[in-house]
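The structure appears below as structure tokens.
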Amino acid sequence: MTVTATPDSEVKQSTEKNSSPAYEVSGLEKIYPGRNGDVIALKPLDLTIRQGEFLSIRGASGSGKSTLLMILGGMAHPSSGQVLFEGKDLYQMSTGERACYRAQSIGFVFQMFHLAPYLNILENTLLAYHKRWFCSDDGKTPVERAKGILTQLGLQHRLTHRPAALSAGERQRAAIARALFNRPKVILADEPTGNLDPDNARGVFEALQTFHQEGGTVALVTHGEMGADYATREIQLS
Amino acid sequence: MSVIKLILREMGLRKWNLALSLFGLSLTLAFIISYQTTAEASKRETRRIVRDIGFNLRIIPDSTNMDDFWFDGYSSETMEEAHLKKLAEYENVFMTFNHLEARLQRRFDWNGMNVLLTGISQTIAAHGKKPMGYGIDSGSLIIGAQVARQLELKKGDPAQIGNLSFKISEDLLESGTEEDIRVYCALEDAQEILNMPGKINEIQAIDCLCLTSDEDPLKILRSELSKALPGAKVLQARAMADARARQRQLMDRYFGYTTPFLIVACAIWIGALAAINVRERRSEIGMLRALGHGSGKIAALFLGKAAVTGLIAAVIGFALGAYLAMSVGPDIFKITAKAISPDYQSLKWALIAAPLFSALSAFIPTAMAVAQDPAQTLREE
Ligand SMILES: Nc1ncnc2c1ncn2[C@@H]1O[C@H](COP(=O)(O)OP(=O)(O)O)[C@@H](O)[C@H]1O
Ligand SMILES: [Mg+2]
């Protein structure tokens, strides 16, 4: 008995109807067994996310939004169902292959930024650097690329500052820079504006929008109303 | 960014964690190194003193007339050479020696000079010890300064005693004692010259004072020896090394008890601090996973940090240990301060062992870090 994210829960319609799917999710479910009964973290779900889509995921607290993003990002095994990314089953891959998938195709952004406190902003961005897969088509070094992204996000004067010296908005932009560094196909953002004031939130959404306009796929979990304006489609988890 | 750079940066931020780890590890190392340094010095000094005063147990035939013995410097009686082997085999039962050596000594007229002919057996060394004293091959002579002067002999010269031919392998420096009129040769040569096959008149031993300090070694030695070698008696040349050796034994025992506890405590300390570090860095670990970094990198961050800490601690611990050894060592070990010098061997040893030990201590926390569910930390709000 699968609850499908049906069109009536899709408040907005996708404009990327014709592109091929990035994710095909079917019968996905996550249950945490517990002493006092099982916790259903994610109710059964079918979902297709097309390439170039900006998907907004909404739902009450505890409805499994974060769980879904983690599963999409190859970070948590589903209890049942499968997740295909570009046709390949994520959870048939080895752990190492899933790590490669994250390193090459995914950029994560979280509410809590998760910046390393001992590294400056430039170095934090470079944590996404993998020598193996770094492809410098424009002849730029990793450091130059990181500086470029940070500059685009208005952090050029903050390169050598540690996260502690930055405002929440700046920290989140640094986290976005890190997510963008490996030129991912998909950005998975879990309430990225949860700790930000409206002005800074707008900055974050705009950065995601830019990524989307350049052809990237975005799955955004959001609480507030604002995010919806940037999304091309919206689903509701219950 | 390279792992080592990440490690150093992280250490720079969490100075307290680093400082406490270094504190525990350096103190443990300092304790061990200062002990090692002083004990080595104590051993060296003891050895030197023992060598300077010569063998400190003399086993002679029971029937020896002691007036003559002290007058002549040797026993006029003899015993069987087999006693030497017997005594060597008796080792560990009531005593352990460093070296055993049998002698046959007689006054002897050599070309008109009254020399002290001294045949020396091959030294029997306790396991692991290098023999010391004179080793003499059959056919060689070592002569005292007075002998050399009076008979106009020097190193390399041929010589004749009775119908045996020898070569002088050494002429000794003047000592101002009866050594100057000694002629040392191999035991079997002396036995032939003196026509005393299979006989000796003394066994000399360096005892290593393995007996507990509250017992009188000589009493025990005497009663035990009377069982092992009936017909022999023991004289002890009171060794100055006694007090020193006892003190070392005491410290050895103390160290033997303390060290294991200290090492375990240190491992727990390092492990606990590493666990705190892992706990503090959950979000970072989760994020590294999200960025596609593998278990190897995460393990390297924590094991590497522990190893780097160990490396720093080795240097601090060595410096501190050497300082402690030089400042309190002489009091504790009853040796002269100038005998103690930094033992650079222990620095080398520490530079290898401390990082390994530290990394091993951080093994469980590292496993925790690797096993941590990244999804759990990252979805936290
Ligand atoms: N490791 C876990 N063990 C037990 N329950 C969990 C675990 N992780 C998440 N949950 C539960 O799963 C449900 C969905 O969590 P989550 O995906 O974080 O929700 P959302 O992000 O929509 O607020 C919540 O009720 C949460 O308590
Ligand atoms: Mg959530």
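Which fully enclosed helices (runs of 4 or more DSSP H) of the stretch B:338-381 have 2 or more residues being more than 30 Å from A:S66 (Cβ to Cβ) and away from ligand 2 (no atom under 16 Å from the Cβ)? Break it down into steps so the answer makes sense when it comes.
Numbers: elements: B:344-361, B:363-371, B:374-378.
Answer list for the stretch B:338-381: B:344-361.
Among the candidates B:G119, B:G128, B:G133, single out the residue that is modelled with pLDDT of 90 or more and either on the phi > 0 side of the Ramachandran plot or in a strand (DSSP E or B) (or both).
On the way: B:G128 fails: modelled with pLDDT of 90 or more; B:G133 fails: modelled with pLDDT of 90 or more.
When all the criteria are applied, what remains is B:G119.
Restricting to the stretch A:17-59, and then to whatever is within 14 Å of chain B (Cβ to nearest Cβ) and in contact (Cβ under 8 Å) with a residue 60 or more places away in the chain, can you tell me which residue is nearest to A:I235 (Cα to Cα)?
A:I57
Which one of B:G292, B:G296, B:G310 is free of Cβ contacts under 8 Å to residues at least 40 places away in the same chain, of a type outside the set (F, W, Y) and assigned to a helix (DSSP H, G or I)?
On the way: B:G292 fails: assigned to a helix (DSSP H, G or I); B:G310 fails: free of Cβ contacts under 8 Å to residues at least 40 places away in the same chain.
None of the other options fit; the residue is B:G296.
Working only within the stretch A:15-44, note down all residues that are farther than 18 Å from A:A231 by Cβ and either among the aliphatic types (A, V, I, L, M) or within 16 Å of ligand 2 (Cβ to nearest atom) (or both).
A:L28, A:K30, A:I31, A:Y32, A:V39, A:I40, A:A41, A:L42, A:K43 - these are the residues of the stretch A:15-44 that are farther than 18 Å from A:A231 by Cβ and either among the aliphatic types (A, V, I, L, M) or within 16 Å of ligand 2 (Cβ to nearest atom) (or both).
Might you check whether a residue that is closer than 15 Å to A:A189 by Cβ, within 16 Å of ligand 2 (Cβ to nearest atom) and under 18 Å from the mean Cα position of the chain (by Cα) occurs anywhere in the stretch A:113-128?
yes
Conditions (1) in contact with an Asp or Glu (Cβ under 8 Å, 6 or more places away or on another chain); (2) within 11 Å of chain A (Cβ to nearest Cβ); (3) buried (at least 23 other Cβ atoms within 10 Å of the Cβ), marked per residue:
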residue	(1), (2), (3)
B:I312	no, no, no
B:Y323	no, no, no
B:D343	yes, no, no
B:A350	no, no, yes
B:L378	yes, yes, yes
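In the list A:K131, A:K147, A:K185, which residue meets the criterion of being basic (K, R) and away from chain B (no Cβ under 14 Å)?
On the way: A:K131 fails: away from chain B (no Cβ under 14 Å); A:K185 fails: away from chain B (no Cβ under 14 Å).
Residue meeting the stated conditions: A:K147.
Checking the conditions here, which among B:I203, B:I220, B:I268, B:I168 is assigned to a helix (DSSP H, G or I), at pLDDT 80 or above and among the hydrophobic types (A, V, I, L, M, F, W, C)?
Result of the check over B:I203, B:I220, B:I268, B:I168: B:I268.
When you go through A:L126, A:L159 one by one, which is the residue that is surrounded by fewer than 21 Cβ atoms within 10 Å (Cβ to Cβ), at pLDDT 95 or above and at the interface with another protein chain (Cβ under 8 Å from one of its Cβ atoms)? Don't jump to the end; show me each part of the working.
Values: A:L159 fails: at the interface with another protein chain (Cβ under 8 Å from one of its Cβ atoms).
Testing whether each residue is surrounded by fewer than 21 Cβ atoms within 10 Å (Cβ to Cβ), at pLDDT 95 or above and at the interface with another protein chain (Cβ under 8 Å from one of its Cβ atoms) leaves just A:L126.
Considering only the stretch A:203-238, state which residues are within 16 Å of ligand 1 (Cβ to nearest atom) and either under 18 Å from A:G169 (Cα atoms) or not small (G, A, S) (or both).
Within the stretch A:203-238, the subset within 16 Å of ligand 1 (Cβ to nearest atom) is A:219-224, A:227, A:234-238.
Once the filter is applied, which keeps residues that are within 16 Å of ligand 1 (Cβ to nearest atom) and either under 18 Å from A:G169 (Cα atoms) or not small (G, A, S) (or both), the stretch A:203-238 yields A:L220, A:V221, A:T222, A:H223, A:G224, A:G227, A:E234, A:I235, A:Q236, A:L237.
Could you pull out the residue among B:L262, B:L273 that is in contact with a Ser or Thr (Cβ under 8 Å, 6 or more places away or on another chain), touching a residue at least 24 places away in the same chain (Cβ under 8 Å) and buried (at least 19 other Cβ atoms within 10 Å of the Cβ)? First the steps, then the outcome.
Working: B:L262 fails: buried (at least 19 other Cβ atoms within 10 Å of the Cβ).
It is B:L273.
When residues of the stretch A:187-217 are filtered for being in a strand (DSSP E or B) and buried (at least 24 other Cβ atoms within 10 Å of the Cβ), how many remain?
Taking the stretch A:187-217 and keeping what is in a strand (DSSP E or B), we get A:187-190, A:217.
Narrowing further to those that are buried (at least 24 other Cβ atoms within 10 Å of the Cβ): A:188-190, A:217.
Number of matching residues: 4.
Quick one: would you say A:L180 is within 14 Å of chain B (Cβ to nearest Cβ), within 16 Å of ligand 1 (Cβ to nearest atom), under 14 Å from the mean Cα position of the chain (by Cα) and under 17 Å from A:H114 (Cα atoms)?
Working: within 14 Å of chain B (Cβ to nearest Cβ): yes; within 16 Å of ligand 1 (Cβ to nearest atom): no; under 14 Å from the mean Cα position of the chain (by Cα): yes; under 17 Å from A:H114 (Cα atoms): yes.
Here the answer is no, as A:L180 does not meet what is asked.
Across the stretch A:105-114, what is the total count of residues that are modelled with pLDDT under 95 and either among the aliphatic types (A, V, I, L, M) or over 18 Å from B:T377 (Cβ atoms) (or both)?
Count: 1.
Please work out which residue is modelled with the lowest pLDDT, limiting yourself to the stretch A:48-66 and to residues that are at positive phi and in a loop (DSSP other than H, G, I, E, B). Steps first, answer last, please.
Just the residues of the stretch A:48-66 that are at positive phi, to begin with: A:52, A:59, A:62, A:64.
So of that shortlist, the ones also in a loop (DSSP other than H, G, I, E, B) come out as A:52, A:62, A:64.
Details: A:G52: 95, A:G62: 91, A:G64: 94.
The extreme case among them is A:G62.
State which residue is farthest from ligand 1 (Cβ to nearest atom) when the search covers only the stretch A:59-78 and only residues that are surrounded by fewer than 22 Cβ atoms within 10 Å (Cβ to Cβ) and over 20 Å from B:A371 (Cα atoms).
A:A60
Touching a residue at least 24 places away in the same chain (Cβ under 8 Å) and away from ligand 2 (no atom under 16 Å from the Cβ): is that true of A:A207 in this structure? Steps first, please.
Details: touching a residue at least 24 places away in the same chain (Cβ under 8 Å): yes; away from ligand 2 (no atom under 16 Å from the Cβ): yes.
When the stated conditions are applied, A:A207 passes them.
May I ask you to verify whether B:W349 is out of contact with any strand residue (DSSP E or B) (no Cβ under 8 Å at 6 or more places or on another chain), away from ligand 1 (no atom under 16 Å from the Cβ), of a type in the set (A, V, I, L, M, F, W, C) and free of Cβ contacts under 8 Å to residues at least 40 places away in the same chain? Spell out the reasoning first.
Working: out of contact with any strand residue (DSSP E or B) (no Cβ under 8 Å at 6 or more places or on another chain): yes; away from ligand 1 (no atom under 16 Å from the Cβ): yes; of a type in the set (A, V, I, L, M, F, W, C): yes; free of Cβ contacts under 8 Å to residues at least 40 places away in the same chain: yes.
Yes.
The values are calculated or read from the model by the stated rules, or taken from the named source; none is laboratory data. Given the structure is predicted, the values throughout are model-derived calculations rather than measurements. Here Cβ is always computed from backbone atoms with ideal geometry, including for glycine, and neighbour counts include all displayed protein chains.
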